[in-house]
Structure formats: C-alpha cells, structure tokens
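Each remark here refers to the structure printed beneath this line.
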Amino acid sequence: MEVAKDTDTVEIEVESGGLCQPLRRRVRRFLSAKQLYECLHPLFHVTYWHGLTCFYISSDAATGRKDIKKSLFGFVNGIMHITVYTICYSLTIFNNCESIASYFFRSRITYFGDMMQIVSGFIGVTVIYLTAIIPNHRLERCLQKFHTMDVQLQTVGIKIMYSKVLRFSYMILFSMFMVNFCFTCGTFSVLYSSLVAPSMALHFTFLIQHTVISIAIAVFSCFTYLVEMRLVMVNKVLKNLSHQWDSRSLKAVAQKQRSLQCLDSFSMYTIVTKDPAEIIQESMEIHHLICEAAATANKYFTYQLLTIISIAFLIIVFDAYYVLETLLGKSKRESKFKTVEFVTFFSCQMILYLIAIISIVEGSNRAIKKSEKTGGIVHSLMNKTKCPEVKAKLQQFSMQLMHLKINFTAAGLFNIDRTLYFTISGALTTYLIILLQFTSNSPSSANGNGNGNYYPCCETLNNITNHTN
C-alpha cells in the first residue's frame with residue numbers, strides 16, 4: 001500500500017510539471033521579441049483598432065518576419081472615430097453644455113471653464129486623430145531608420161534586446177489604461193451614487209478623450225525609449241573603446257583589437273574585431289541615423305504634443321481653481337455632492353493630467369540627456385589618442401555633435417524638457433491669482449448668488465428685461 005501511495009505521488013508531480021511547462025513557454029513567448037516590428041506589435045495593434053494608425057504589423061507565415069502593412073480599414077476606422085466623436089460632442093453642447101464638471105459645480109466661471117474644456121477637448125482629439133493619420137509616412141520612415149541603425153549596430157558588435165522594448169510597451173500601455181479605467185469608473189460611480197445620470201454622449205466623449213490622449217502619450221514614450229536605447233548603445237561603444245585604451249599600450253591600440261564587449265540592459269555580449277577608426281566612423285553613422293529618426297519622430301508628434309499639453313494645462317488651471325475656491329471658503333455652492341467628493345474628483349483629474357505632462361517631459365528629457373553625454377565621451381577619447389587618423393575621426397564626430405542635436409518641441413513654440421515645469425508652474429500661478437481675484441470682486445459672490453445655474457446669457461437677458469420695465 002505504501003508503494004502504491006509513493007507511485008501515485010510521483011505521477012501527480014510529473015503531471016503538474018508538465019502543465020507548467022507550456023504555460024511558461026507561452027509567457028516567455030508573450031514577453032520576448034527578436035525583431036523591431038515584433039516588439040512594437042502590441043502598441044500598433046492598439047493604435048490600429050482605435051483609428052490612430054492606418055497600418056498594422058503583419059507576419060509572414062513562411063519566414064516569421066514581421067513588417068508594416070497598410071489597410072483601407074485603418075483610414076475608414078479613423079474617419080468613423082472622428083465622426084462619432086463629433087456627433088457626441090455636438091450632443092453634449094446642445095444638452096446645455098453638459099460636462100462632468102457641470103454636475104459637481106455651476107457658476108459663471110465654471111460655465112466658461114466647461115465651454116473651454118469642451119471646445120478644447122473636441123479640437124484636441126480631432127487634431128490628434130488627423131495628425132496621427134495624415135502624416136503616417138513620417139512614422140513609417142522613422143521605423144525604417146531604426147531598422148537601418150539596428151543593422152549597423154550589429155556590425156559594431158551589439159545585438160538589440162528587443163524584449164526590453166516589448167516589456168516597456170506592455171508596461172506603459174497597461175499603466176495608462178489602468179489609471180484611466182480607475183479614474184473613469186470612480187467618476188461615474190460617484191455620479192450614479194448621487195442619483196445623477198449623465199447622457200451616453202457624455203460617457204463616450206469622456207472615455208474617448210482620455211483614451212486617445214493616453215495612447216498618444218504611450219506611442220511617444222515608446223519612441224523616445226527607442227532613441228534613448230540607441231544613444232546608450234553608442235555611448236557604451238565609445239566607453240568600451242576608452243577603457244581598452246586605458247588598459248593597453250599605445251602600440252596595442254594602433255593594431256586591430258577585440259573590442260566592444262558590450263553587456264548592459266539594452267544589448268547582448270558580442271565580440272567584433274575592428275580598427276578604432278572604423279568603430280568611430282560607424283558610431284558616427286549610427287549617431288547620424290539616431291538624430292534623423294528623432295527629428296522625424298518630432299515632426300510626427302509635434303502637434304499632438306502641443307495639443308495634449310494645452311488641454312492638460314487648461315484643465316489643471318480650472319481644476320486647481322475649483323479646489324482652491326472650495327477649500328478657501330469663497331464658494332457658496334449648492335450641490336448633491338459632499339465637499340470631499342468634490343475636491344477628490346477635481347484633484348484626481350488634475351493629477352491625471354499632471355501625469356500626462358510628466359510622462360511626455362521625462363521621456364523627452366531622458367533621450368536629450370543621453371545625447372548630451374556623447375560629446376563628453378568623444379572629447380575624452382580625443383585627449384587620450386595620439387593616432388592622427390583616429391584623432392581626425394574624433395574631430396569629425398565632435399563637429400557632427402555640434403550640428404546634430406536631439407530636441408523635441410511642441411510645434412516649435414517651446415522645448416519639451418524639464419524647463420517646461422517652471423514655465424507651466426509660473427503660468428498656473430498667474431492664472432489662479434487672476435481667477436481668485438475675479439471671484440472675490442464679482443458682484444454675484446458679494447450678493448451670495450454665486451451658486452446655481454447663473455450664466456452670462458441669463459444675466460444679459462435679465463438686464464434687458466429690467467431696462468425695458
């Protein structure tokens with residue numbers, strides 16, 4: 001009996017192990033990629049079904065190679081999204097400028113703020129769709145440049161870890177959608193708990209606006225991550241060359257050597273035998289391709305970034321005003337919602353758009369900072385080498401770094417780096433002071449009529465009636 005029990009136990013263990021192995025393989029396959037288009041497949045799958053791109057990543061059944069494939073459905077899908085979004089926004093405007101904020105608070109300034117948010121939201125989402133669909137050729141050109149530089153990186157001894165990009169895209173998409181999902185569910189649950197039933201048009205516009213902005217930020221973050229990766233690789237190549245010169249004699253440096261034993265978070269261990277002048281020349285060509293890819297990506301994203309940052313700034317200004325007005329006790333409002341619910345909603349919405357701005361700025365700033373490190377490494381190599389051919393190549397590389405710089409802008413109006421934080425905080429403080437002074441000096445607040453549905457159009461009609469009487 002004991003032997004039979006042991007045998008049964010062994011059989012159960014083997015079966016459980018056999019079930020775990022296929023699951024592990026599927027998870028590894030899900031989180032691994034060996035090609036550029038393969039690592040971007042989930043990202044472009046999301047953009048394709050949301051109508052933001054007219055192409056998708058297709059796979060060749062024979063070779064397994066993935067490539068871009070355009071589709072007529074992509075164009076039609078984008079136009080359908082814009083059409084439905086336009087209809088829903090028109091319905092919210094005809095429905096007394098219906099918005100989520102209007103259910104929490106109504107005053108003269110909130111009426112103006114709601115109108116500004118509705119108009120800016122409609123224009124913003126339309127601009128994001130149009131600037132994402134029309135210049136699709138720039139996005140394709142940018143991807144082709146990344147593919148070309150990856151081939152050249154392999155010639156200098158670096159094999160790309162595409163799985164890192166795939167996991168990053170999963171992480172950014174999952175985090176963006178989770179934040180939006182929690183915020184949307186929390187908002188509408190508060191409304192329904194207070195017996196407020198928003199229209200279906202408002203449901204759609206509220207959801208699609210946050211979703212489209214999140215997807216655009218996710219795509220931009222992935223592309224800045226691609227730029228950052230390749231800059232790290234070029235810097236690692238040059239650093240390894242510098243370490244070899246420190247550890248070897250000048251005679252050994254002049255000869256062909258084993259170089260670029262590059263092992264970091266973005267590459268795999270490979271060994272290539274090359275002359276230092278050839279390594280520097282190929283690094284220059286790769287750096288040139290990186291700058292071209294970054295410039296092409298900036299042309300594609302520039303109006304999308306301007307739109308997102310403008311919408312985020314507008315919403316942050318009015319949300320901060322609503323919260324401060326309530327906490328300072330300047331607002332005598334009549335609402336179905338408690339002060340805690342009121343402050344929580346506008347604070348969460350403000351934080352949501354702050355996260356959007358921070359994601360854009362930090363993604364751009366990381367790539368810019370990595371590009372700035374290349375110049376210091378090149379000049380360090382220039383000081384160490386005494387070979388005329390190598391020094392000439394390094395001087396040429398230094399000149400290239402002076403003329404080719406990575407920079408991301410919002411339609412050329414302002415740079416997208418950490419200086420934007422100071423600009424936004426200064427403008428936010430100025431507008432908040434103006435709005436708070438306007439509230440304290442307005443006649444309606446002095447008379448205690450700062451609540452209710454008190455709109456400028458109603459005030460004008462009332463004045464005309466009194467004048468006639």
Problem set entry | Residues located in the range 3-38, provided they are among the acidic types (Asp, Glu) and modelled with pLDDT of 75 or more | 38
Exercise. Can you tell me which residues in the range 395-404 are part of a helix (DSSP H, G or I) and either open to solvent by 70 Å² or more (accessible area, probe 1.4 Å) or touching a residue at least 40 places away in the same chain (Cβ under 8 Å) (or both)?
Worked result: 395, 396, 397, 399, 400, 401, 402, 403
Exercise. Is at least one residue of the range 258-270 within 24 Å of the chain's Cα centre (by Cα), surrounded by fewer than 22 Cβ atoms within 10 Å (Cβ to Cβ) and at pLDDT 85 or above?
Worked result: no
Exercise. Identify, please: which residue in the range 371-394 is without any contact (Cβ under 8 Å) to a residue 40 or more places away in the chain and either open to solvent by 100 Å² or more (accessible area, probe 1.4 Å) or of a type in the set (Asp, Glu) (or both) and is, among those, farthest from residue 302 (Cα to Cα)?
Worked result: 388
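Quick check on this structure: which one of 409, 374, 307 is in contact with a strand residue (DSSP E or B) (Cβ under 9 Å, 6 or more places away or on another chain) and β-branched (Val, Ile, Thr)?
Matching residue, one of 409, 374, 307: 409.
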Seminar exercise, completed: Per the filter on the range 412-433, residues in contact (Cβ under 8 Å) with a residue 40 or more places away in the chain, surrounded by 13 or more Cβ atoms within 10 Å (Cβ to Cβ) and part of a loop (DSSP other than H, G, I, E, B) are 416, 417, 418
Exercise. Here are 196, 212: which of them is among the aliphatic types (A, V, I, L, M) and touching a Leu at 6+ places or on another chain (Cβ under 8 Å)?
Worked result: 212
For this session: From 156, 179, grab the single residue that is touching a strand residue (DSSP E or B) at 6+ places or on another chain (Cβ under 9 Å), surrounded by 16 or more Cβ atoms within 10 Å (Cβ to Cβ) and either at pLDDT below 85 or within 29 Å of residue 39 (Cα to Cα) (or both).
Result: 156
For this session: Go through the range 53-98 and count every residue that is open to solvent by 20 Å² or more (accessible area, probe 1.4 Å) and assigned to a loop (DSSP other than H, G, I, E, B).
Result: 9
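May I ask you to verify whether residue 451 is touching an Asp or Glu at 6+ places or on another chain (Cβ under 8 Å) and modelled with pLDDT under 90?
Values: touching an Asp or Glu at 6+ places or on another chain (Cβ under 8 Å): yes; modelled with pLDDT under 90: yes.
Judged against the criteria, residue 451 is a match.
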For this session: Restrict the check to the range 206-226 and report whether at least one residue is modelled with pLDDT of 90 or more, of a type outside the set (Gly, Ala, Ser) and open to solvent by 20 Å² or more (accessible area, probe 1.4 Å).
Result: yes
Problem set entry | Selected residue (only one of 407, 365 is in contact (Cβ under 8 Å) with a residue 24 or more places away in the chain and open to solvent by less than 60 Å² (accessible area, probe 1.4 Å)) | 365
For this session: Looking only at the range 39-52, decide whether some residue is open to solvent by less than 50 Å² (accessible area, probe 1.4 Å) and at pLDDT below 85.
Result: no
Exercise. Does at least one position in the range 182-190 carry a residue that is open to solvent by 20 Å² or more (accessible area, probe 1.4 Å), among the aliphatic types (A, V, I, L, M), modelled with pLDDT under 85 and not in a helix (DSSP H, G or I)?
Worked result: no
Problem set entry | Looking only at the range 135-146, and only at residues there that are part of a helix (DSSP H, G or I) and open to solvent by less than 70 Å² (accessible area, probe 1.4 Å), the one that is farthest from residue 160 (Cα to Cα) | 136
Exercise. Taking the condition in a helix (DSSP H, G or I), at pLDDT 85 or above, closer than 30 Å to residue 178 by Cβ and open to solvent by 20 Å² or more (accessible area, probe 1.4 Å), does residue 355 pass?
Worked result: yes
Seminar exercise, completed: Sole miss for residue 179 among (1) more than 21 Å from residue 365 (Cα to Cα); (2) among the hydrophobic types (A, V, I, L, M, F, W, C); (3) more than 23 Å from the chain's Cα centre (by Cα) is condition (3)
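Please find, within the range 277-333, the residue that is surrounded by the most Cβ atoms within 10 Å (Cβ to Cβ) out of those that are among the hydroxyl-bearing types (Ser, Thr, Tyr) and within 30 Å of residue 154 (Cβ to Cβ).
It comes out as 283.
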Exercise. Consider residue 165 against the criteria (1) touching a Gly at 6+ places or on another chain (Cβ under 7 Å); (2) open to solvent by less than 10 Å² (accessible area, probe 1.4 Å): it satisfies all of them except one. Which criterion is unmet?
Worked result: (1)
For this session: Report yes if residue 101 is buried (at least 17 other Cβ atoms within 10 Å of the Cβ) and assigned to a helix (DSSP H, G or I), otherwise no.
Result: yes
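The values are calculated or read from the model by the stated rules, or taken from the named source; none is laboratory data. Quantities reported herein were computed from a predicted structural model and do not represent experimental measurements. Glycine also receives a Cβ, built like all others from the backbone with ideal geometry; neighbour counts cover every protein chain displayed. We work out accessible area using only protein heavy atoms, side chains counted, and drop any ligands, DNA or RNA first. Shrake-Rupley method; radii C 1.70, N 1.55, O 1.52, S 1.80 Å.
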